[in-house]
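Beneath this line is the structure, given in structure tokens, with notes to follow.
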Amino acid sequence: MKEYLKYLKGDRVIWIITLIMLAFSLVSVYSFVPILVKIEGGTPIKYLFKHFTYVIIAFIAMYWIHKKDSKYISQLSKFGFYLGVGLLIFTFFFGSTVNGAGRWIRIPFVSLTFQSSDFAKLALIIYVSRLMVKKKDKMNSWKEGFWPLMLPIFVICGLIVKDNFSTAAILFFICLLLLFVGKIPFGKIALVVGGGIVCLGIVIAIHKAVPALHLLPRYETWENRITNSFDESGENVIANAQALNAQLAIFSGGIRGQGVGDGKLKEYLPEAYADFYYSSFVEEFGSISAVILLLMYLILLYRIMKIGLNSQNLFETYTCIGIGILLLMQASVNMLVCTGVFPVTGQNMPLLAMGGSALIMTCVALGIVQSIANKQTKSEDKEKRDKNSNAFIQK
């Protein structure tokens, strides 16, 4: 293992956890796709090969980025933001619709799709991190500090919310948390949150009053998911079938699980390999493995935060904090949905669920963190060499 890890710079713990999860995703995806085979046809091998292709692309992207100096990430952040906006606008008009949501861009000549919001949310976190450094002395000013920071957040989240409310809400929360860390006055943040709630209420009211405008094409889906999640009468068993099967799968997993490939309820979960990944995981691998999985995500968060807080560069600190919270929140929401705490929503498990753009962008984000860690390691090595050199000269 050490022979191979010497080529991987940065934080070794992050590399080990990433490689373990990527390798394990191949096993779990192969086991969790029977429902997809029933719905779309094909064989488990077909989907395994497709996922393996994404794993290879994701790892290559992470490896390539981690070798680059993190200063280039900051320099390209503005371009990344505008590219993210462009992709979201393109998706708005020409995106492919899957499960009633137009979130995907179909890549020509190959049977692969790309979810533009996966790129846009990482691009926004990086761009906001850069702006926070640039505006650090103007945070108290509405005109020169606060609104220039909020505008890109409103643009990206506004373009995402139509088809993916949960992603927009998570991204908005993370950006506000970054602003709070960056010492934006809490009163300003509270005012934005209140204003956002009022604006959302107005949009919902207009949507209900004039349905023909299709302002929120998935509003009825959101409403049904929320009302069904709080239904205790048992009258909406069919509507709650996904959530109930997810909870039953966790219950049937027990301590040790049913065994790889032996889970039964995964065949009744439409997104067993993605949105309901945690339920399928517990059913086959048990609650002990589920605790280990949670610990791995927490360790990943700790290592990312440690890298960010050890940096002398504020941009790197903010970027690591944003990426760490994003990964943990996605995993947490998946777990909370599967256990019935949250309404059903579309957040999969980072590094584990079957996916293309989500997996690739997660590895890109981790590559950025490793680039920052690699820079710190080089700086520490240089300091050690200088100390040794000075000690030798003094002797």
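Every read-out reported here was derived from the displayed coordinates using simple, explicitly stated rules and does not represent laboratory data. Note that the structure is a prediction, hence the values are computed from the model and not measured. Using ideal geometry, Cβ is built from the backbone for each residue, glycine included, and neighbour counts are taken over all protein chains shown.
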Fewest-first sequence of T91, T319 by Cβ atoms within 10 Å of each Cβ: T91, T319
K78 versus I206: modelled label distance in nm, points set 7 Å from Cα along the beta carbon direction: 3.1
Local electrostatic count, P148, Cβ distance below 10 Å [Lys/Arg +1, Asp/Glu -1]: +3
S141, S357, S28 arranged by Cβ crowding within 10 Å, fewest neighbours leading: S141, S357, S28
Within straight-line cross-link reach of K50, lysines at Cα separation under 23 Å, skipping those fewer than 8 residues along the same chain: K38, K266
Taking Y63, Y273, Y72, Y54 and counting other C-beta atoms within 10 Å, the order from fewest to most: Y72, Y63, Y54, Y273
Centroid-to-centroid separation of region 312-352 and region 116-149 [C-alpha atoms, Å]: 20
Listed residue pairs exceeding 25 Å between alpha carbons, taken from K134/K162; K143/K306; K138/K378; K134/K188; K9/K183: K134/K162; K143/K306; K138/K378; K9/K183
Mean-position separation - Cα centroids, region 9-27 and region 268-295, in angstrom: 18
Cβ-derived FRET efficiency at R0 51 Å, K6 paired with L336, nearest 0.05: 0.85
